[in-house]
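Input: a single structure, listed below in structure tokens.
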Amino acid sequence: MMHLIEKLNPQQQQAVTAGLGPVLVMAGPGSGKTRVLTSRIAYLIGEMGVRPYNILAVTFTNKAAREMANRVTDLLGGVAPGLTLGTFHATCARLLRREAQHLPFDDNFVIYDQDDQLDLVKRALADLNLDEKRHRPPVVHNAISNAKNELILPDAYPVQSYLDEVVRRVYKRYQELLLSNNALDFDDLLLWTAYLLEENASVREKYARRFEHILVDEFQDTNQAQYRLLRHLSSFHRNLFVVGDADQSIYRWRGADYRNVLRFQKDFADAQVILLEQNYRSTQAILDVAMAVIDQNPQRIRKHLFTERGAGQKVVLFEAYDDRKEAEFVVDTIRSLTARGRMGLSDFAVMYRTNAQSRLLEEAFLQAGIPYKLVGAQRFYGRREIKDVIAYLRLVHNPNDEISLTRVINAPTRGIGEKTFLSLRTLALRLETSPGALLLEMGRNPEAPAADAINSRARAALVNFGDLLRNWVAVKDSLTPLAMMERVLEDVHYRSYIDDGTDEGRDRWENVLELRRLAAEFQQPGLDAFLERVALVSDQDTLEGTTNAATLLTLHAAKGLEFPVVFITGLNDGTLPHSRSFDDPEAMLEECRLFYVGITRAKDRLYLIFSQNRTAYGFSEPVAPSRFLDYIPYDLLDEAQPTRSRQPRKGQGERRLERWDAAEVIPSRPAAPVERRYQPGMRVHHPSWGEGMVLNSKLQDGDEIVDVHFAGVGLKRLVASLARLEIKV
Ligand code: ATP
Ligand code: MG
């Protein structure tokens, strides 16, 4: 066990072996935060004798959770049975199923995906006689989602305008519909868990006592709901160990709030704060570019990133004629780097701002015959046939699920048109039951009372389907997901429905077979685990580490990962930063952080790519290079096969200086040695950042360097002689 710790640097060791109580590890990319967190789990189990059952470790993506589990297994030399390690959402789903008796839904609830959620918002709007064109469902949905992430329930939804009033009503109806479908959306998983822990002292106590140690990766991306539930879960033992980096916070639009770092320090004032400084991932050339970019963020001061990996190759800048040429450059470069045999395809990652940018890249890879993996739930789980099959299984699992019923009731066509479905729903409403339950009843008893409200032909069709459904429900708990799926596919002749012998038809069937392969991984009878896996599939999920292929992924999906060679494409204003963010300074800062996250994924080589023209709606238009490229001093870059000679852009130098003026510049050091004035724990005041607390201070190059935590802005490293700090008594 100790060999695991010996390989770490002193600060990392300090974090891994920290005693009881709250711990905050804040550090830059590649400094070993995730490694520290996994080592600590192994240390707690292997050295401190903590039972895995008493440990909870959470992160954001399934991919990250899997990697974490693998690392822990490696460190311990075997699996740790009983350890709770997973994404926030999966962990909450499990807890809610176990505690469903305290909640207004059943333990076999289904989890609605983005599309289902939008359908439900539309249904709610319709129920309230509100016009979809005036109140666009995605906008309303977004407002609801934000409220949920802030733990605001419908009745407490703040109303300042007519629009707010509409959202409040739709939110309320939307929640009712979810409950009557026995369904939860993604946000609900967090919301209900936080709510349950808040309202129910005995449940809270049960979990708070159980989880002696709670560890959280990527803490900067937690939202209010996540923070609250972490607080409740850690309320008994208070051993909350969080790691993160405010500079990598990229989920503000999903309610992430990096101020949780400040809340943490306030709520756990006795927390040990540990800063890691050395980067183990990237070459210095890559780190220098990363620093140049993130240092433009006016709310922070320079955080020095250093590595012992050596200078490495300069970062390459490539200017392409258009986005097609960008893709060609990527493919050509990969071909030439792999030709020498020293690199494999899995060493390469191509990153971009929006999913849609992947299409041209995919085409280029296909044309060149280079295998690639596209990371993104969209491609696979967004397919019609996949959604159909999943909807069938969800309906079998929970016949009250109306969204799934709507999807499959007439797919394949079986004579149940819109009108018939409407009569079914109307009748169900009258009988105060769900359409699915009524169908089951009709399948059981074709002469069911009141069914004569529906005309006989339509009724026969409904009875037939009800009978199928009834038979499936009867065996659902005794069949494995695979057997259940095969049974349904066969009963409804699904293959002949989607596979018409064309290429597309075959493709569709191929996708269904792919889903069967996934189902085959679940060997226990019952659909729970399988449906949960499918519902919580994240952006990173289609990425498998083993096969030899390049990886294509969005910058968001790249968080926490690392690759020897990284291409960032589409570095044009409007794409990165995204045009949506132009008017919002906060959003622009987040775009900048996103670029920073991308840069810092690279271990050995980094290519930054932009183009002169971009194709939109079939037309090619001239576009400007990303303003973020201006942040990078020209001498840090190498230009690849320039399509035209590139002079440092006019005004670039001055512009940079201007920006620097606003930041806290570290100038050449004064020669005279100084004494330490600042002690950890001292309260200080800064003219622009307000009140703060000193965490650390050290003498360096004749000046005092102070780490201060400011409420509202976060952790700052300051040069004492320049920082205009006032010590408060
Ligand atoms: P990010 O902010 O991007 O999530 P991180 O801080 O979580 O980064 P890790 O992924 O834990 O960083 O570590 C980055 C790389 O450096 C990994 O390959 C890790 O194994 C390696 N590493 C970390 N610490 C050490 C160490 N002390 N010695 C050698 N390698 C290390
Ligand atoms: Mg990490």
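The values are calculated or read from the model by the stated rules, or taken from the named source; none is laboratory data. Treat the numbers as computed from the prediction; the structure is a model and nothing was measured. Ideal geometry is used to build each Cβ from the backbone, glycine not excepted, and the neighbour counts take in all protein chains shown. We work out accessible area using only protein heavy atoms, side chains counted, and drop any ligands, DNA or RNA first. Shrake-Rupley method; radii C 1.70, N 1.55, O 1.52, S 1.80 Å.
Averaged over its residues, the chain has an accessible area of 44 Å² per residue, based on protein heavy atoms and a 1.4 Å probe. Take each peptide in 515-522, 462-469, count the other Cβ atoms within 10 Å of every residue, and average; sorted highest first, the result is 462-469, 515-522. For the range 92-156, the convex hull spanned by the alpha carbon atoms encloses 117 Å³ per residue.
Listed values for the range 458-472 are Karplus-derived 3J(HN,Hα) couplings in whole Hz (6.51 cos²θ - 1.76 cosθ + 1.60, θ = phi - 60°), namely 4, 5, 4, 4, 5, 4, 4, 5, x, 5, 4, 4, 4, 5, 5, and x replaces Gly and Pro. Rounded to the nearest 20, the Cβ-based charge dipole of the range 362-411 about its Cα centre (Lys and Arg +1, Asp and Glu -1) stands at 60 debye.
Apolar share of the accessible surface for the range 382-534: 47 percent from carbon plus sulfur atoms, 1.4 Å probe.
Amide H to amide H distances under 5 Å link Asp322 with Gln612, Asn613, where only residues 5 or more positions off or on other chains count and H is placed in the peptide plane.
For the peptides 166-174, 605-613, residues were scored by their other Cβ atoms within 10 Å and the scores averaged per peptide; the highest-first order is 605-613, 166-174.
Expressed as a fraction of 2.2 N^0.38 Å, the rule-of-thumb size for a compact globular protein of N residues, what is the C-alpha radius of gyration of the range 1-71?
Cα Rg divided by the expected 2.2 N^0.38 Å: 1.08.
Among 45-53, 188-196, sorting by the average number of other beta carbon atoms lying within 10 angstrom of each residue, highest first, gives 188-196, 45-53. Positive end of the dipole of the range 382-534 (Cβ unit charges, origin at the Cα centre): among Val512, Ala474, Ala458, the Cα lying farthest that way belongs to Ala458.
In sequence order, the range 241-248 has phi-based couplings of 10, 10, 10, x, 8, 4, 5, 10 Hz under the Karplus curve 6.51 cos²θ - 1.76 cosθ + 1.60, θ = phi - 60°, and Gly or Pro positions carry x. Let me have the relative contact order for the chain, percent, based on Cα pairs under 8 Å that are six or more residues apart. With pairs under 8 Å counted, the relative contact order is 16 percent. Taking amide H as placed 1.01 Å from N in the peptide plane, Ala57 has its amide H under 5 Å from the amide H of Thr84, Leu85, Gly86, Leu215, each at least 5 places away in sequence or on another chain. If the viscosity is 1.002 mPa s and the temperature 20 °C, what translational diffusion coefficient in µm²/s does Stokes-Einstein give for the chain when Rh comes from Kirkwood over Cα pairs? Value of D from the Cα-based Kirkwood radius: 76 µm²/s. Dividing the summed helix terms, -39500 (n - 2.57) for each DSSP H run of n ≥ 4, by the number of residues in the chain produces a 222 nm estimate of -13500 deg cm²/dmol to the nearest 500. When the solvent-accessible area of the range 110-181 is split by element, carbon and sulfur atoms take up 48 percent of it, the probe being 1.4 Å.
Coupling constants for the range 27-39 follow from the phi torsions by the Karplus curve (6.51 cos²θ - 1.76 cosθ + 1.60, θ = phi - 60°), and in residue order they are 6, x, x, x, 8, x, 4, 5, 5, 4, 5, 5, 5 Hz; glycine and proline get x.
The convex hull of the Cα atoms of the range 382-534, projected and averaged over all directions, covers 8.8 nm². Take every Cα pair under 8 Å whose residues are at least 6 apart in sequence, average their separation, divide by the length of the range 114-214, and the relative contact order is 25 percent.
Full extension of the chain segment joining Asn200 with Gln679 gains 168.2 nm, where the gain is 0.36 nm per residue of separation less the Cα-Cα distance.
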